[in-house]
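These notes are about the structure you will find just below.
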């Protein structure tokens, strides 16, 4: 990938925790400059979800009304408007991104046997696995119908590559489950494919919608990639640090699924022998009853500041990728998002 950012791929040694700014960034204030666009996107999402099949409407409405940050469609809008893009094409492409993201969530929850998301029962818990998977397929196919409507081969290319990468990432994550030998590099490859690539695609197709040149596209793609990496690193960290009432998911959900995320990988690498054995067996068996001891081992090993420092590094690389692009309220919002993803608590 052509990049305008610093290269954050090299695994880190022990690093001190980087203090967060005391002022927390509120997402609605960051996205205020595209609030009208987001309202149009939400209306379009509801309209384009419509199907003659009642179950699709039920599941689609359930997911749309569940809320969520709508961060990925917002990236499309901010990137397009930052480069002077006008018209409704960015809104249409924002809808594409949200449909693909929602489809991945439906499929993820089935694969992971998840029962709750954002504090509510998952679609598969309510309607069963078959309904959730097939509704996810509907959202994927509807997103490609919208891309045909956009009539942009560059957009089709970016999104075809991104959806293929996401599928590869999901399979790689499945292979990693309950495997305590997963390395940091292998873990980072998973989150790059399954999370960062959709952030990258969102920012890049926003640039395409605005008619941005190759340099602007590359810079915004690099921005989206590193923002997505930071976002997922923090997400995996929250599994061991968050308040479930705020985050909307149960503490230790990744451990219960046997997912070796970076806090566990680092703790196994740096912890005492007894801690390494504890975590290894917890991953192999999804042993959630050992959560308190695993949390203590993660805390004692320094895995939390290490993971946060790597997220900070990607956040800084994302901000650096924006250097040289024309200043505007939209570019300022993109910069603020690099802090938001680090500070978020849910």
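Annotations for the structure displayed:
- In this structure, residue 84 does not qualify as modelled with pLDDT under 90 and surrounded by 12 or more Cβ atoms within 10 Å (Cβ to Cβ).
- Residue match in the range 261-282 (condition: outside any helix (DSSP H, G or I), under 18 Å from the mean Cα position of the chain (by Cα) and modelled with pLDDT of 95 or more): yes
- Per this entry, residue 267 is not counted among residues that are out of contact with any strand residue (DSSP E or B) (no Cβ under 7 Å at 6 or more places or on another chain), under 30 Å from residue 160 (Cβ atoms), touching a residue at least 12 places away in the same chain (Cβ under 8 Å) and buried (at least 24 other Cβ atoms within 10 Å of the Cβ).
- Considering residues of the range 105-116 that are in contact with a helix residue (DSSP H, G or I) (Cβ under 6 Å, 6 or more places away or on another chain) and either under 17 Å from residue 70 (Cβ atoms) or in contact (Cβ under 8 Å) with a residue 60 or more places away in the chain (or both) only, the residue surrounded by the fewest Cβ atoms within 10 Å (Cβ to Cβ): 107
- Selection status of residue 15, part of a loop (DSSP other than H, G, I, E, B), over 27 Å from residue 88 (Cβ atoms), in contact with a helix residue (DSSP H, G or I) (Cβ under 6 Å, 6 or more places away or on another chain) and at pLDDT below 85: yes
- Check on residue 162, surrounded by fewer than 24 Cβ atoms within 10 Å (Cβ to Cβ), within 20 Å of the chain's Cα centre (by Cα) and at pLDDT 95 or above: yes
- Which numbered condition residue 300 misses (of (1) outside any loop (DSSP other than H, G, I, E, B); (2) surrounded by fewer than 22 Cβ atoms within 10 Å (Cβ to Cβ); (3) touching a helix residue (DSSP H, G or I) at 6+ places or on another chain (Cβ under 6 Å); (4) touching a residue at least 12 places away in the same chain (Cβ under 8 Å)): (3)
- Filter pass, residue 291 being touching a helix residue (DSSP H, G or I) at 6+ places or on another chain (Cβ under 9 Å), surrounded by fewer than 22 Cβ atoms within 10 Å (Cβ to Cβ), in contact (Cβ under 8 Å) with a residue 24 or more places away in the chain and more than 30 Å from residue 203 (Cβ to Cβ): yes
- Among residues of the range 88-132, those that are part of a helix (DSSP H, G or I) and more than 26 Å from residue 202 (Cα to Cα), counted: 7
- Sole residue being more than 17 Å from the chain's Cα centre (by Cα), closer than 19 Å to residue 194 by Cα and assigned to a helix (DSSP H, G or I), chosen from 143, 135: 143
- Filter pass, residue 221 being touching a helix residue (DSSP H, G or I) at 6+ places or on another chain (Cβ under 8 Å), surrounded by fewer than 21 Cβ atoms within 10 Å (Cβ to Cβ), part of a helix (DSSP H, G or I) and at pLDDT 95 or above: no
- Flag for residue 249 being out of contact with any strand residue (DSSP E or B) (no Cβ under 6 Å at 6 or more places or on another chain), at pLDDT below 95 and crowded, with 22+ Cβ neighbours inside 10 Å: no
- Candidates 310, 325: the one that is in contact with a helix residue (DSSP H, G or I) (Cβ under 7 Å, 6 or more places away or on another chain), in a loop (DSSP other than H, G, I, E, B), in contact (Cβ under 8 Å) with a residue 12 or more places away in the chain and buried (at least 19 other Cβ atoms within 10 Å of the Cβ) is 325.
- The range 30-54 residues that are under 16 Å from residue 64 (Cβ atoms), paired with ones that are part of a loop (DSSP other than H, G, I, E, B) (beta carbon under 8 Å, 6 or more apart): 38/70; 40/88; 41/70; 42/70
- Test: residue in the range 328-346 that is assigned to a helix (DSSP H, G or I), modelled with pLDDT under 95 and surrounded by fewer than 18 Cβ atoms within 10 Å (Cβ to Cβ): yes
The values are calculated or read from the model by the stated rules, or taken from the named source; none is laboratory data. All values reported here derive from a predicted model rather than from experimental measurement. In this analysis, Cβ positions are derived from the backbone assuming ideal geometry, glycine residues included, and neighbour counts consider all displayed protein chains.
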